[in-house]
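Read the structure below first, then the notes.
Derivation of every value follows stated rules applied to the coordinates shown; laboratory data play no part. Quantities reported herein were computed from a predicted structural model and do not represent experimental measurements. Heads up, the Cβs are rebuilt from the backbone with ideal geometry, glycines too, and the neighbour counts pull from every protein chain shown.
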Amino acid sequence: MAFVLLVDDQPELLEAWSLILTAEGYAVCCARNGAEALEHALRRPPDLIITDWMMPLMGGSELCRHIRARPTLAHLPILVVTATLPSSPGPADWDDCLIKPVPTDLLLDTVKRLCPP
């Protein structure tokens, strides 16, 4: 079973997407900011990270840099999901980007492409 780390500061989104991904056969862990996500990833590296871009404490940009800087995590696929297209960093720091609101079928298609269940 593939393990997904879901990162967003909106609890209702975390809950909804967690239910959707779990129903598709993924194990899911949730974090509310990049700092919490980094702690989770270091303890148990996920198969995929789905992260919001704009969050308190540590946003998606900084989280991506921390993940890519660690040899044990650098290979992980990262899906950025945000309300506005990130201008920096670029695709070298993340694998794909979706703009909110994200239709469920597009989310699942993208997740399955980056990380089969």
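Based on the alpha carbons, how large is the Rg to Rh ratio for the chain when Rh follows Kirkwood?
Working: Rg = 12.5 Å, Rh = 13.8 Å.
Value, to two decimals: 0.91.
Taking Cα centroids, how far is segment 5-43 from segment 56-77 in Å?
15
About its Cα centre, how strong a charge dipole does segment 3-114 have in debye, to the nearest 20, once Lys and Arg get +1 and Asp and Glu get -1 at the Cβ?
Values: 9 positive and 15 negative charges, 74 e Å.
Magnitude of the dipole: close to 360 debye.
What does the net charge come to around PRO56 if you take all other residues with beta carbon closer than 10 Å to its beta carbon, with K and R at +1 and D and E at -1? Intermediate values should be presented prior to the final figure.
Details: positive: ARG32; negative: ASP9.
That sum, taken over residues with Cβ under 10 Å, equals 0.
Given the -39500 (n - 2.57) contribution per DSSP H run of 4+ residues, what per-residue ellipticity at 222 nm results for the chain, rounded to the nearest 500 deg cm²/dmol? If you can, show how the numbers build up before the last one.
On the way: 4 runs with 44 residues, N = 117.
Calculated mean residue ellipticity at 222 nm is -11500 deg cm²/dmol.
How do 72-80, 9-17 rank on mean C-beta neighbours within 10 Å, highest first?
Averaged packing, sorted descending, gives the order 72-80, 9-17.
Between LEU98 and LEU19, what is the label-point separation in nm under the 7 Å Cα-to-beta-carbon projection?
Spacing of the two 7 Å Cα→Cβ label points: 1.6 nm.
Please name whichever of PRO46, ALA74, PHE3 sits farthest to the positive end of the charge dipole of the chain, dipole taken about the Cα centre and charges placed at Cβ: Lys and Arg +1, Asp and Glu -1.
Projecting each Cα onto the dipole axis, the largest value belongs to ALA74.
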